[in-house]
Amino acid sequence: MTINFEKSSIQDSRLFDPIKVGNMELQHRIVHAPATRLRCHEDGMVMTELVREYYSQRSSVPGTLLITESIFSGPKSGGFTNIPCLYNEKHAEAWRPIVKAIHENKCFVFMQFWNLPGELKPEYLLDQENLENISQGECPMDPTGLPAALGGAFSICGKELYMDKYMSKYDIDEHISEYTEAAKRAVFQCGADGIEVHQVNGFLLDKFVLNGFGENCDPNYRGTYENRVRFCLELLESVVKAIGQERVGYRISPYSDIWKSKDHMEAHMYMVQQLRVKFKNLAYLHVIEPRAYWTGHQQILQEEGSLKYQKLWNKPLLSAGGHDRDSALQLATQDNVLVAFGRYFLANPDLPFRLKFNIPLNRWNRAKFYTKKSPEGYIDYPYCEEFLNKTSEAKNQKVSCGKERIFN
C-alpha cells in the first residue's frame with residue numbers, strides 16, 4: 001500500500017483517536033517503544049525508584065500504552081549485566097511498583113522479553129568486566145540498543161561472544177519454559193497488562209526464522225519455513241495458553257537481515273500468515289520499519305514497510321523506527337495502525353500531548369542513552385509549559401466534574 005507522504009493534517013489522521021488493543025482501551029495511537037537503557041543493577045535487578053520515575057513520567061497522558069525495555073526471561077536467555085531480569089520473586093517485587101505507577105496514571109504496560117542469539121562463552125560469564133568492555137565499552141551503540149560494531153549477530157567488536165553450540169530440542173523446550181514462566185510472572189505477579197515477544201534483529205527467535213543455525217539445530221527446526229517458525233509458534237502456544245492471546249504482542253524486524261538470509265522477507269511473510277491463522281486474537285503485531293541502520297541495511301521505500309504486513313494481519317499493528325510527527329500522522333490514516341516512538345519518548349515525557357498540539361520536541365542526548373544506573377539523560381527531560389498548565393487545569397476539572405481532560 002502506498003501512502004501520499006505530503007504532510008497530513010491532524011483532521012485526516014486517527015493518531016489521536018481511541019482504539020482497542022487486546023483488552024486495553026487506549027485513548028490515542030502513540031506507543032512507548034521498547035528501548036534498552038541499562039538502568040539496572042549488575043545482577044539484573046531493576047532499579048525500582050529510578051525506573052518507576054521514568055515510566056511514571058512517560059505515562060503522564062492517560063490511555064497510553066508503554067512497552068518496557070527488553071527483559072531476560074531466565075538464566076538461559078541472558079548473561080549481560082545491567083539488563084533487567086524477571087525470573088524469580090525478587091525480580092517481580094522490584095517491577096511491581098513500576099507497573100503500579102503506570103496503572104495509577106491510567107495507562108497500560110506490556111513487558112517485552114528477549115533471548116540472546118546464543119549462550120555466552122564461559123570465559124565471558126566468569127569475567128563480566130571483560131564482557132562489559134566489549135559490549136558496552138568503546139563500541140558505539142545503534143538506536144535499538146545494540147553495539148554498532150556488530151559484525152554479525154555472534155560478533156561484537158570482532159569478538160565471538162557466544163558458544164558454537166548445537167541447539168537441541170531440549171534447549172528449545174527450556175527456553176519455552178522460561179519464557180512462559182516469565183510471562184505468567186509479568187501478568188500475575190507484577191500486574192502487567194501483557195507481554196511482548198521479541199523476534200527481532202537476529203536474536204534467538206529471529207535466528208531460527210532466518211535459518212541462522214543452519215545444520216546446527218534439531219532437524220525439525222531448520223530448512224523449510226514451516227520448520228524455521230516452529231520454535232516461535234510453539235513458544236507462543238505455550239505463552240498464550242498461560243496468559244491469554246489478548247495479553248500477547250509480537251514484534252518482528254523483517255527488514256533487518258543480520259543473518260544474510262536470502263529469503264528473509266518471504267520467511268517473515270510466512271510467519272505473519274501463521275500468526276493470523278493460529279493466533280487471531282493476539283493483541284497486536286509490532287513491525288520495525290526499514291531504515292539505514294549501522295549494519296549497512298538499505299533504506300526501502302515506505303510501500304515496502306509495515307503496511308505490507310498490515311495487509312496480511314489486518315488487526316492492530318504497531319509501526320516503529322525513525323518516526324516523527326508527520327510520518328505518524330500519515331501512517332495513522334490507515335485502519336488499526338499505531339505508531340511507536342523510542343528516542344522521542346525518552347526525550348519528551350509528555351510526547352502524546354506535544355504531538356497533538358504540535359509543540360516543539362526536546363532533542364535526546366545520545367551520549368546518555370546507555371549510562372548505566374544514571375538518572376542523567378533518563379528522567380531529567382522537561383515537560384513543556386503547555387502540558388504543565390493543562391495538567392493543572394485537568395486536576396481542577398477532576399475536582400469539579402470527576403474526570404481529567406488532559407488530551408481535549
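Things to note:
- Residue list for the range 373-392, filter: open to solvent by 60 Å² or more (accessible area, probe 1.4 Å) and under 27 Å from residue 36 (Cβ atoms): 373, 375, 376, 380, 382, 383
- Flag for residue 51 being in a loop (DSSP other than H, G, I, E, B), modelled with pLDDT of 95 or more and open to solvent by less than 20 Å² (accessible area, probe 1.4 Å): no
- Check on residue 305, open to solvent by 10 Å² or more (accessible area, probe 1.4 Å) and either modelled with pLDDT of 95 or more or of a type in the set (Gly, Ala, Ser) (or both): no
- Restricting the first member to the range 259-279 and to residues that are farther than 14 Å from residue 205 by Cα and of a type outside the set (A, V, I, L, M), and the second to residues that are modelled with pLDDT under 90 and part of a loop (DSSP other than H, G, I, E, B), the beta-carbon pairs closer than 8 Å and six or more apart or on different chains are 261/212.
- Count of residues meeting criterion [closer than 20 Å to residue 107 by Cβ, touching a Phe, Trp or Tyr at 6+ places or on another chain (Cβ under 7 Å) and not in a loop (DSSP other than H, G, I, E, B)] in the range 54-85: 6
- Pairs where the first residue, in the range 314-332, is under 18 Å from residue 285 (Cα atoms) and the second is crowded, with 23+ Cβ neighbours inside 10 Å and polar (S, T, N, Q), C-beta under 6 Å, 6+ apart: 319/306; 331/319
- Applying the criterion of being under 20 Å from residue 118 (Cα atoms) and touching a strand residue (DSSP E or B) at 6+ places or on another chain (Cβ under 6 Å) to the residues of the range 240-285, the residue that is most open to solvent (accessible area, probe 1.4 Å) is 251.
- Qualifying residue in the range 279-299 (condition: within 19 Å of residue 227 (Cα to Cα), of a type outside the set (S, T, N, Q), at pLDDT 95 or above and outside any loop (DSSP other than H, G, I, E, B)): no
- Counting only residues that are open to solvent by 20 Å² or more (accessible area, probe 1.4 Å) and either in contact (Cβ under 8 Å) with a residue 60 or more places away in the chain or among the β-branched types (Val, Ile, Thr) (or both), the range 77-89 holds 2 of them.
- Picking from residues in the range 36-48 that are β-branched (Val, Ile, Thr) and open to solvent by 10 Å² or more (accessible area, probe 1.4 Å), the one that is nearest to residue 368 (Cα to Cα) is 36.
- The number of residues in the range 212-239 being in contact (Cβ under 8 Å) with a residue 24 or more places away in the chain, buried (at least 17 other Cβ atoms within 10 Å of the Cβ) and in contact with an Asp or Glu (Cβ under 8 Å, 6 or more places away or on another chain) comes to 2.
- Residue in the range 1-22 that is modelled with the lowest pLDDT, counting only those that are exposed (fewer than 11 other Cβ atoms within 10 Å of the Cβ) and of a type in the set (S, T, N, Q): 2
- Residue within the range 69-76 that is of a type in the set (Phe, Trp, Tyr) and open to solvent by 10 Å² or more (accessible area, probe 1.4 Å) present: no
- Scanning the range 182-203 for residues that are closer than 26 Å to residue 273 by Cα and either of a type in the set (Val, Ile, Thr) or modelled with pLDDT under 95 (or both) turns up 195, 197, 200, 201, 202, 203.
- Evaluation of residue 336 against the conditions (1) out of contact with any Asp or Glu (no Cβ under 7 Å at 6 or more places or on another chain); (2) open to solvent by 20 Å² or more (accessible area, probe 1.4 Å); (3) at pLDDT below 95 shows that the sole unmet condition is (3).
- Flag for residue 25 being in a strand (DSSP E or B), open to solvent by 10 Å² or more (accessible area, probe 1.4 Å) and of a type outside the set (Lys, Arg): yes
- Condition met for residue 148 (surrounded by fewer than 21 Cβ atoms within 10 Å (Cβ to Cβ), modelled with pLDDT of 90 or more and not hydroxyl-bearing (Ser, Thr, Tyr)): no
The values are calculated or read from the model by the stated rules, or taken from the named source; none is laboratory data. All of these numbers come straight from a predicted model, not from anything done at the bench. A quick note on method: Cβ atoms are made from the backbone with ideal geometry, for glycine too, and the neighbour counts reach across all protein chains shown. Areas reflect the complete protein model, heavy atoms only, side chains present, ligands, DNA and RNA absent. Shrake-Rupley method; radii C 1.70, N 1.55, O 1.52, S 1.80 Å.
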